[in-house]
């Protein structure tokens, strides 16, 4: 059977008259009758009971009518479905992100995109920058929210755009204030406090740029980081801080992670600045990715005074 036969069946079923059905379809009656008989042979069952004076649906034909109408309705929607897929208004978008972005730029951009394109399925995966960049270079995923590697060197074929630059702050255990190791009204600390405190940090192998930014702060002030624990997720690092194991240098946006037992303190002087941006394959013309880049790049995130927008690379 083909789609034309299904339309022929529906026309006869709704008019119960081969002549009127043929006129509706813009054809003559004999080809319509032949089409219905061919369809009945294919199905192995009669669709209509015919007499010289009337045409009626058989019980089988009556039951089959609604499924056929549903199929034809879906077929009618296919051009619009194709248009939405072509224009990036439907489909799937795969975005990976570093854990720090979950508290800064990611929620805003995802909300904007989901509001503009509610029919797109968004697949979010938390991953370290190195794994994201390697995956994109291998053709996996659409885009990543990453901390760029030192020197901004990305594999050939990838494009990068800086989205936000934010200062690092100190996450300190609340228990240290109760113990008198820190003053209760303290909201800023200097390098001396940072250098003498045990440090919790990302392993360098999974976040070299972030790791070097933190340890570089120690070196710039004549100290060496005393690392007591490493963790690959920022949430875990902050949990270890709340347990009193040490301090962490974290992006200022981590203040949004209001963890009990942790207090965030600004650094005196020039604090290290952490850059976060978006990376994607330059030759990836997936419509949903193009729409996401429009949302991210053409409507810069207004992050307020804590953050600074950056240029494209």
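Read-outs throughout are calculated quantities, based only on the coordinates presented, and are distinct from any laboratory measurement. Because the structure is a prediction, the values reported are computed rather than measured. Cβ placement follows ideal geometry from the backbone for every residue including glycine, while neighbour counts extend to all protein chains displayed.
In segment 112-130, which residue that is without any contact (Cβ under 8 Å) to a residue 40 or more places away in the chain and either under 17 Å from residue 276 (Cβ atoms) or touching a helix residue (DSSP H, G or I) at 6+ places or on another chain (Cβ under 7 Å) (or both) is surrounded by the most Cβ atoms within 10 Å (Cβ to Cβ)? Walk me through how you get there before you give the answer.
Going through segment 112-130, the residues without any contact (Cβ under 8 Å) to a residue 40 or more places away in the chain turn out to be 114-115, 118-119, 121-125, 127.
Narrowing further to those that are either under 17 Å from residue 276 (Cβ atoms) or touching a helix residue (DSSP H, G or I) at 6+ places or on another chain (Cβ under 7 Å) (or both): 119, 122, 124-125, 127.
Values: 119: 12, 122: 14, 124: 13, 125: 13, 127: 20.
Among them, the one singled out is 127.
Those strands (runs of 3 or more DSSP E) of segment 183-258 in which at least 3 residues are touching a residue at least 40 places away in the same chain (Cβ under 8 Å) and touching a helix residue (DSSP H, G or I) at 6+ places or on another chain (Cβ under 7 Å), considering only elements entirely within it, cover 248-251.
Scan segment 96-109 and tell me whether some residue there is over 30 Å from residue 258 (Cα atoms), in a loop (DSSP other than H, G, I, E, B) and in contact with a strand residue (DSSP E or B) (Cβ under 8 Å, 6 or more places away or on another chain). Break it down stepwise before answering.
Filtering segment 96-109 down to residues over 30 Å from residue 258 (Cα atoms) leaves none.
No: segment 96-109 contains no residue that is over 30 Å from residue 258 (Cα atoms), in a loop (DSSP other than H, G, I, E, B) and in contact with a strand residue (DSSP E or B) (Cβ under 8 Å, 6 or more places away or on another chain).
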